[in-house]
């Protein structure tokens, strides 16, 4: 009955909403109502691809799928921020392929048939996505159809569904890549270079010009006689609207209160270090001591002289100059306290070469003991790897089981002991991957290194200090509430600095040196011009109060938003034209370049081997290069209104060389074709008006 009652209540609410919308439709324009409903629904959309709306819920399900795939590939369930972003990008790319690219490829007549997929998955033309997948390789590292079939058989028996998820992903990827390969081939084959185009490219790159010129640079002072009228600005805007497309952004101001430890907090950290110092200097249980009392845990890294400078220069000096003992307590400029104790000193190589036999299963310990005994009696390591190791992928220098060279920064987790192990004496080691029979086969020359324990404590703000800063932020927020004018009054009253920041995007998460501040961005995009935020807490030690000064909608910028940019562009064009006219008047009738230079209060310069095809020739103005490439020899030409100044010049000679060959021209054409191929999907996205709102949610 209770469930029935709740159902009735919810149904009643739904009916009320429907009735309300129906009533509104009588008094509100239907198109306005429709746009309002679309706006409300689009708020929950991650994006739109080729007319298909992608809801947050659906996209999150895709993220969950790709998270599962990532876990299966990497063997780890832990993902940092970068890996999570890569997973989201993979999920989004999958949607682009599904709803846009493969559909457009199909419209172009491209198909991937059933028989073709069978051949790509397990036939005579197996896709590299499968043939290079470690899950389908045999013990020699060669693709095995038997291993592939075993995997497929296991899919049906896997109750978790994870294998099915992975296999579906592989099949989709193989099919999608085939669409890309076919479309790319079609595109590249149609992007041909005719013999005439090839000949012209060779000629343009082999003809060089030697030219003398004078240049009058444009001044920095605004010419008040040059006027740009509103009608010209509007016409330019209407003719060039595509140039003014923009992403949605906001112009804001904000103040931020950073919680910093007080003098009392710093003194408390200092006293805590002093109280811990004696035990730190003597304890034999250093690992547990640091785990309980320090911001740095104990590691097994062997440090060379100079390698601890990134922690603290005083610590590095102490460790470099001593072989035993505990340092004094040091304090840096950020009120962080350090002490170091040298735990061990030894001659340690920078690199070691290692091979191993990886064992897993219930009897791995007994099997490892048995294999170690065989090796100690002269058994062949490589043969034992082939017969017993679960690692068949490691084949450095072609030797099965060889992991190659390791350093302390590039090594298998848990293998730290290989750096102190003797060469060519096998031993047993356990890690998270299983039990290893290991042999160090080679190493670099040992150097003096030390293992160091570091006691580190930062001065942290107490609750009292935290509350003091929050009170300051609260006072500011109370004064600023309501309007931008109130915000400015709060800035003056509280003596704080207001940070202006224009062009804030939905993806913005950093404000100055403060990162992970996406909550500020979300508030900014949810509010109107003139609104002032309440206190927004970031990273537990920054209090933001922000206000919206301007809103720029996605699409073509308004005329008012870009009028100043257009005004400057038109002014520059008029100014360069006027400058050229002024130069022409001053040099009228002159035929000597030196005399022209003197009349213009400048000097004669020379350009050698100027090539039209290379617009970066000697840093010259592109407009000048273009004019010089077609000018007659031995004649004063100009003035030419360039980008940075006005040019008058004389071509002295042209030379035709042969350093740019047909092969060069073809290679360049191939590079341009490859670049154009990379633009296929972006152009499709632009034409389909793809909307990517992921930054709104992540």
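None of the figures in this text is laboratory data; all of them are computed from the coordinates on show. Not measured: the values here are computed from a predicted model. Positions of Cβ are generated from backbone atoms using ideal geometry, with glycine treated the same way; all protein chains shown enter the neighbour counts.
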Inset, instruction - Just need the relative contact order of the chain here, percent rounded to a whole number, with Cα pairs under 8 Å and 6+ apart. - result: 21 percent
Inset, instruction - Find how much the distance from residue 365 to residue 235 grows on full extension, using 0.36 nm per residue of separation minus their present alpha carbon separation; answer in nm with one decimal. - result: 38.6 nm
Legend entry - From the C-alpha gyration tensor of the chain, square roots of 5λ in Å: 55, 42, 39
Inset, instruction - Please arrange 423, 311, 532 by counting, for each residue, the other beta carbons lying within 10 Å of its beta carbon, fewest first. - result: 423, 311, 532
Inset, instruction - Along Cα→Cβ, 7 Å out, is where each label goes; now give me the distance between the ones at residue 154 and residue 282 in nm to one decimal. - result: 5.6 nm
Inset, instruction - Compute the FRET efficiency between residue 387 and residue 144 as 1/(1 + (r/R0)^6), taking r as their Cβ-Cβ distance and R0 = 22 Å, and round to the nearest 0.05. - result: 0.80
Legend entry - Per-pair calculated FRET efficiency, R0 = 56 Å: residue 203 and residue 410 via Cβ, rounded to 0.05: 0.60
Legend entry - the chain, helix-only ellipticity at 222 nm - DSSP H runs n ≥ 4, -39,500 (n - 2.57), divided by all residues, nearest 500: -14500 deg cm²/dmol
Legend entry - DSSP-defined beta bridges in the chain - what % are antiparallel, rounded to 5: 95 percent
Legend entry - With Cα atoms, 0 to 90° folded angle of helix 81-96 axis to the chain main axis: 60 degrees
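Please find the FRET efficiency linking residue 291 to residue 189, where r is the Cβ-Cβ separation and R0 is fixed at 60 Å, and quote it to the nearest 0.05.
That gives a FRET efficiency of 0.40.
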Inset, instruction - Using only the alpha carbon atoms of the stretch 125-233, find the Kirkwood hydrodynamic radius as the inverse mean reciprocal pair distance, in angstroms to one decimal. - result: 21.4 Å
Legend entry - Cubic angstrom per residue, convex hull over Cα atoms of the stretch 263-348: 98 Å³
Inset, instruction - On a 0 to 90° scale, report how tilted helix 145-157 is relative to the longest principal axis of the chain, with both axes built from alpha carbons and the result rounded to the nearest 10. - result: 80 degrees
Inset, instruction - Using the number of other C-beta atoms within 10 angstrom as an exposure proxy, rank 514, 625 with the fewest first. - result: 514, 625
Legend entry - Contour excess over end-to-end distance, with Cα ends at residue 567 and residue 541 and 0.36 nm allotted per residue: 4.9 nm
Inset, instruction - Kindly put 544, 612 in sequence by how many other C-beta atoms sit within 10 Å of each C-beta, fewest to most. - result: 612, 544
Legend entry - Rounded, prolate or oblate (a/c below 1.5 giving rounded, otherwise prolate when a/b exceeds b/c) for the stretch 33-174 by Cα gyration tensor: oblate
Inset, instruction - Would you mind calculating the gained length between residue 605 and residue 698 on full extension (0.36 nm times residue separation, minus the Cα-Cα distance), in nm to one decimal? - result: 27.9 nm
Inset, instruction - For residue 247 paired with residue 299, estimate the spin-label separation in nm (one decimal), with each label point 7 Å from Cα along the Cα-to-Cβ line. - result: 3.4 nm
Legend entry - Three-way shape label, the stretch 626-698, alpha-carbon gyration tensor, a/c 1.5: oblate
Legend entry - In degrees, nearest ten, helix 484-494 long axis to first principal axis of the chain (Cα): 60 degrees
